[in-house]
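**Student:** Structure in structure tokens, see below.
The values are calculated or read from the model by the stated rules, or taken from the named source; none is laboratory data. It should be emphasised that the depicted structure is a prediction, and the values quoted were computed from it without experimental measurement. Note that we place each Cβ from the backbone using ideal geometry, even for glycine, and neighbour counts take in every protein chain shown. Surface areas here come from the heavy atoms of the whole protein model, side chains and all, with no ligands, DNA or RNA. Shrake-Rupley method; radii C 1.70, N 1.55, O 1.52, S 1.80 Å.
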Amino acid sequence: MLRPIVKYGSKVLEKPSKPVTNITDAEIKLIQDMVETMYKAPGVGLAAPQVGIGKRIMITDTSAGEKKDHLITFLNPEIVLTEGEQYEEEGCLSIPGFTAEVIRPSKVVLRGLDLNGKEITVEGSGLLARAFCHEMDHLNGVFFIDHLSFIKRDLIKRKIRRLVKKGEWE
Ligand code: NI
């Protein structure tokens, strides 16, 4: 089932999400819906708060559904290692229409649980490292625009405010 993606300005996106303590049918269904919603968008990552659920669940697929084994599901992820730097254009399904260059580590190792509750550790580089950091940020109430200079961030925020006023940000 597709779920609506909540946009910048929504409270659930602004606060840290809660750890998953139990993997029940509700979590499994949520993850299935997140996968469907991410592929439909299409996007390379999605975090539970982006569909209005404040739980520490994130998914990534840097092939955007092109390759079957690229889907990675993390519950309660933690960054255990970062290395290097990359500076690339980034966007967000919750801030549609805006992109900006963001500095991220070039390599990231994440540890957490998979959807069976088994501990997994995954190393990502390039786009996957970027996606890991971006989705981790969502679980902590942080947006990619929070990494920009005040001037660049303020410009985007003002444009969004204008869209909100015109009723074009729902
Ligand atoms: Ni995002």
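**Student:** I'd like the FRET efficiency for residue 159 and residue 70, computed as 1/(1 + (r/R0)^6) with the beta carbon distance as r and R0 of 25 Å, rounded to 0.05.
**Tutor:** 0.15
**Student:** Mind ranking 34, 1 by accessible surface for me, highest first, 1.4 Å probe?
**Tutor:** 1, 34
**Student:** Expressed as a whole percent, how much of the Cα-Cα distance distribution for the range 11-165 exceeds 28 Å?
**Tutor:** Details: 1922 of 11935 pairs.
Result for the distance tail: 16 percent.
**Student:** I'd like the carbon and sulfur percentage of the solvent accessible area for the range 11-165, probe radius 1.4 Å, heavy atoms only, ligands and nucleic acids excluded.
**Tutor:** It is 52 percent, rounded to a whole number.
**Student:** Same structure again: List, in order, the whole-Hz ³J(HN,Hα) value for each residue of the range 96-104 obtained from phi through the Karplus relation with A = 6.51, B = -1.76, C = 1.60 and θ = phi - 60°; use x for Gly and Pro.
**Tutor:** x, x, 10, 9, 7, 7, 10, 7, 9
**Student:** I'd like to check one number: the per residue accessible area of the chain, probe 1.4 Å, reported in Å² as a whole number.
**Tutor:** In whole numbers, the chain has 54 Å² accessible per residue.
**Student:** If you don't mind, another one. In the range 36-77, with Lys and Arg counted as +1 and Asp and Glu as -1 at Cβ, which of these residues, 41, 59, 75, has the Cα nearest the positive end of the dipole, that is, farthest along it?
**Tutor:** 75
**Student:** Give me the extension gain from residue 120 to residue 106: residue separation times 0.36 nm, minus the current Cα-Cα distance, reported in nm with one decimal.
**Tutor:** So the extension gain works out to 3.0 nm.
**Student:** Looking at the range 112-170, which trypsin sites (Lys or Arg not before Pro) are DSSP coil and have at most 12 other C-beta atoms within 10 Å of their C-beta?
**Tutor:** Those that pass, being in a loop and sparsely packed, are 118, 166.
**Student:** Summing -39500 (n - 2.57) over the DSSP H runs of n ≥ 4 in the chain and dividing by its residue number, what mean residue ellipticity at 222 nm do you reach, to the nearest 500 deg cm²/dmol? Each step should come with its number before you reach the end.
**Tutor:** Values: 3 runs with 45 residues, N = 170.
That comes out to -8500 deg cm²/dmol.
**Student:** Report the FRET efficiency, 1/(1 + (r/R0)^6), for residue 40 and residue 98, where r is their Cβ-Cβ distance and R0 is 22 Å, rounded to 0.05.
**Tutor:** Calculated value: 0.65.
**Student:** Further, regarding this structure: So for the range 11-165, taking the charge dipole from beta-carbon charges (+1 Lys/Arg, -1 Asp/Glu), which of 140, 160, 129 sits furthest toward the positive end?
**Tutor:** 160
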